[in-house]
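Novice: The structure follows.
The values are calculated or read from the model by the stated rules, or taken from the named source; none is laboratory data. As the structure is a computational prediction, the values presented were derived from the model and not from experiment. For neighbour counting, all protein chains shown are included, and Cβ atoms are generated from backbone atoms with ideal geometry for every residue, glycine included.
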């Protein structure tokens, strides 16, 4: 099959989960294009004022950045075949749940990726997901199965 | 105008914000129907197994409940004219952000309601909102303006 | 809440499951309108030729009836808030699975109702459902919870 | 015309109908990309637990697999120009009827492929189809006509 | 069932087919609201210039009328549960076929009503229909069956 | 016909065109519900800060008001059967053209209402309209024809 | 601009209008892919029975062919950027008006191509068009302008 | 990432803002395809009559041109990932606001580009935008960030 699958990687930006998925995808030579929000934290905070002009008020400083980032994330998410929604150990990560809600409403299937300790708090988000992974390598295995029918080694 | 506005009240279930909005709406005699998820915490957790049968595994216990609740919330949210998305001081409240994402993708305008301390963490959710309120009474004022053009007293 | 919920009852026409749901809904005085395909078997087979003219060929005899029935079922399903998809012990019941597929694509949440012996064969249909019931009374309990937050007695 | 037609082959996995269509498409050099669910029966049953972790309960074992498979089938079906829905002599094959329902609701035209003995039971599914074939070679002929206007040799 | 079915009556304006459907619907006391384009021929031709100002050029005279009529027909067709598309013995009646095309694309089921002499020329329009009637009374019978499951007398 | 037509009146707020339409609709007893944005100029400017809190920066002062107003206008426009888009003699009135663009994309037919001097500048907006009126009374006449088929007196 | 425009050529199959458009498009080297229904009259009539099996009844003979053709035409029309709808001097050509109705409902802009003698009968179809041409060369000129901004020579 | 972003440049045609964006995009080697309406003023006015035949009445002269132009702009706008909506110092520029309204309703994110003097008059259009730029170079910077995460130099 000649299709390239676009996979959107949403959520946590403080661990190496995106790199681990990328490594796995390359190792298996999967026809996958990984896309993601901008993951440089300070840039994603300050991009709006850096480009469109400074704001004295932190609220509008954040607003300008969030709306600029949304032009990237909305286009990439809406064009994805599958989304991965990652919740790390810490932080609120409401934007990840926000992306999951959009994916659900747009009919884009998604896999959540989070430790078991979040299971109860994420039950609504998981209930609309097509899979719940604990490790990035499981996401790679899932993609290999979805795209080529490969069962995991091990 | 004869239209009744359906307003969906999503999020936190540990404070009296829904009651305060209901009180305000009644005091002003606004043509508003307030709808909401089931807010009895233990019932929303246990409804699935109570109705469809018990599960040994907590994960599937939660899943059954979350999917049952989703039949209510999805229908009510999709049928709403406006949504209010509330984030309280505590808890993860990922389901509120998930509802906001669905509202955004469905084109349903929403107002967020949260303390300023959450502003930075909620900047993506706020950036897609049509208003950010701090107190339930501001939501009532907003509804009075949206529906009747009434400006707030004082 | 003043909303009346429209519930579409799809599938098997050889047992009294629709009557049991209707009885339960009335007993609880739920604001539910139950809708369904025509359940008189011979009429649903012969309606097409009885109205639009006879056919020598059984295939087209069936086609005329199926397309006439579809005008009813399509309108009722598309207008429903929730669908119940019933698979009985016997028969192919492909039209029930067909309705489930339409509901899934239209974003209408549904509950399947079938004995455990069908679990494996129905796993794809169940996987897109928001609940799996074994008895009609569980469907009534689910509706009572979805609409009013009532937990089952007993 | 430079377009490549994507054709989704849904349903029965116990006979060689997909291979016969593939052979015919290649023989005619049709610009067709054939896509399909994973057809290795045991893998499609066990993929979920193999990748996301084992389940004691067969019901959830099946659920995990079905939801994983759905990420493949939903993407491929939604992206197809035409679907072929195959019902073999045996088995329930409810997933095939489920796919047909989705195709109908998504506006994707489909051809059913089944023996005459199923005609009455499949009348609703056939009534929404754009063609009913008995042999895989008829599907190939139909594709040759649809794409290039070629009439069958015979 | 409490639903009122809206039925749009498109096409020929030179015979009494709408009246015959209306008579039949009343005789059976069906919960049907019949809607239709303006059927006074000269008014539907001249309404545009009568209201928005005269045109020297017949082409734009017609354009103004057609666009004004379209505000009525588009709203009524889009809001209908079922459409009836009538082709009489004479005239081009392209607007009827145009309405059928819109109904098909909008997913509104329709019944065509025309004499057998038009069968070949209307084969594409009939192929997307859910029924082909020859007499208005068959349409009434079809509505009685669709709505209440009543089989035709006689 | 029992339908009540919802008509959205967008645009200029400095003349009495809405009152003239309302007068005409009442005089003819048309089943029309007229809806509109808030037309008290200073309120529509200041509502955002009055309800959600003051802003030092005029840009964000305006933003808060515009987003609050949009919750009203978006809901009313999206629910309308027909929109009237009014451009007066003066002012930029970009919000009227913005509403027209939304109506066009949503498939809501609209009539523009403006003096001939704006014809060239409004040619793109007019080209997507279903009628161009010069006086509010023509809008009333159009509604009377659309709804009841009444031709204008005189 | 690198985009290739897909243009669907619907309607009359008895004159050389498609060839004239193709000639013009090639002469100007426009980045256009022309697509069309099968234009061999007898094949488009008989394809259904030739592939799926003979029918004694002419009505179902036609039905099978029309539904097979619809798989081609629906896919090509829905994927087109622009449609050209041609009505020749003779014949009913209801399928052309049917295609126009679908294009209108799908939001695909179209140009009609017909002699002035049909103007009145086609006023509804023309009123939803973005242009009315009399000669195929005008369609070529329109495409050259739409795609490259070229004004016609002469 | 291999995606090419399509950016639609709507609005003012009297200054060099499009060229400045094009220069910036090339300088940074961004994977962007810029698309735009025809910007030769007299051609965009006269194209309709030049191709489809002259009109004595200026109103219909304009109509023919506007509808022809709309075939280009509608296709390009609907296919864009991002739109830039430019309002210059002078002119009504209602077509720019009309395009913004369409973009908003279609869910295509857009950036407005206009001097501060228009801020109040454009508050509704800006309130639905994802960014407000003053200079074309800011648009280039925004695209560089959206596509590659590049922060502006200096």
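Novice: Here are some conditions: (1) surrounded by 17 or more Cβ atoms within 10 Å (Cβ to Cβ); (2) in contact (Cβ under 8 Å) with a residue 40 or more places away in the chain; (3) assigned to a helix (DSSP H, G or I). Residue B:101 meets all but one. Which one does it not meet?
Specialist: It fails just one condition, (2).
Novice: Do we find a residue being more than 30 Å from residue H:153 (Cα to Cα), in contact with a strand residue (DSSP E or B) (Cβ under 7 Å, 6 or more places away or on another chain) and more than 7 Å from every other protein chain (Cβ to nearest Cβ) anywhere in the stretch A:55-78?
Specialist: no
Novice: Can I ask one more? Give just the number: which of (1) closer than 30 Å to residue C:129 by Cα; (2) at pLDDT below 95 does residue D:154 not satisfy?
Specialist: The single condition residue D:154 does not satisfy is (1).
Novice: Please work out which residue is surrounded by the fewest Cβ atoms within 10 Å (Cβ to Cβ), limiting yourself to the stretch E:104-119 and to residues that are within 12 Å of chain G (Cβ to nearest Cβ) and within 23 Å of residue C:38 (Cβ to Cβ).
Specialist: Looking at the filtered set, the residue picked out is E:107.
Novice: Right, here's the next one. Output the residues belonging to the stretch D:136-154 that are outside any helix (DSSP H, G or I) and without any contact (Cβ under 8 Å) to a residue 12 or more places away in the chain.
Specialist: D:149, D:151, D:152, D:153, D:154
Novice: Scan the stretch E:1-22 residue by residue and report those that are out of contact with any strand residue (DSSP E or B) (no Cβ under 6 Å at 6 or more places or on another chain) and within 19 Å of residue E:93 (Cβ to Cβ).
Specialist: Residues satisfying the conditions are E:13, E:14, E:15, E:16, E:19, E:20, E:21.
Novice: So residue A:13 ticks every box in (1) under 12 Å from the mean Cα position of the chain (by Cα); (2) away from chain B (no Cβ under 14 Å) but one. Which box is left unticked?
Specialist: (2)
Novice: Among the residues of the stretch E:104-135, which ones are under 14 Å from residue G:91 (Cα atoms), in contact (Cβ under 8 Å) with a residue 24 or more places away in the chain and not in a helix (DSSP H, G or I)?
Specialist: Within the stretch E:104-135, just E:122 meets the criteria.
Novice: To continue, here is another question. For the stretch H:89-119, enumerate the residues that are over 22 Å from residue H:31 (Cα atoms) and under 13 Å from the mean Cα position of the chain (by Cα).
Specialist: Within the stretch H:89-119, H:93, H:94, H:95, H:96, H:97, H:98, H:99, H:100, H:101, H:102, H:114 qualify.
Novice: So, one more: Every residue in the stretch G:120-154 that is within 19 Å of residue E:66 (Cβ to Cβ), over 15 Å from the mean Cα position of the chain (by Cα) and surrounded by fewer than 17 Cβ atoms within 10 Å (Cβ to Cβ), please.
Specialist: G:120, the sole residue that qualifies.
Novice: I've got another one for you. State all residues of the stretch A:79-98 that are within 9 Å of chain B (Cβ to nearest Cβ) and touching a helix residue (DSSP H, G or I) at 6+ places or on another chain (Cβ under 6 Å); if no residue qualifies, say none.
Specialist: Residues satisfying the conditions are A:87, A:94, A:95, A:97, A:98.
Novice: Here's a follow-up. Inspect the stretch B:79-94 for any residue being at pLDDT 95 or above and over 20 Å from residue B:143 (Cβ atoms) and give the result as yes or no.
Specialist: yes
Novice: Among the residues of the stretch H:120-135, what is the count of those that are facing chain F (nearest Cβ under 10 Å) and over 21 Å from residue B:126 (Cβ atoms)?
Specialist: Residues that pass the stated criteria total 3.
Novice: Among the helices (runs of 4 or more DSSP H) confined wholly to the stretch B:1-98, which include 2 or more residues that are surrounded by 20 or more Cβ atoms within 10 Å (Cβ to Cβ) and without any contact (Cβ under 8 Å) to a residue 12 or more places away in the chain?
Specialist: B:58-78
Novice: To continue, here is another question. Looking only at the stretch G:64-75, decide whether some residue is under 24 Å from residue C:64 (Cβ atoms) and more than 18 Å from the chain's Cα centre (by Cα).
Specialist: yes
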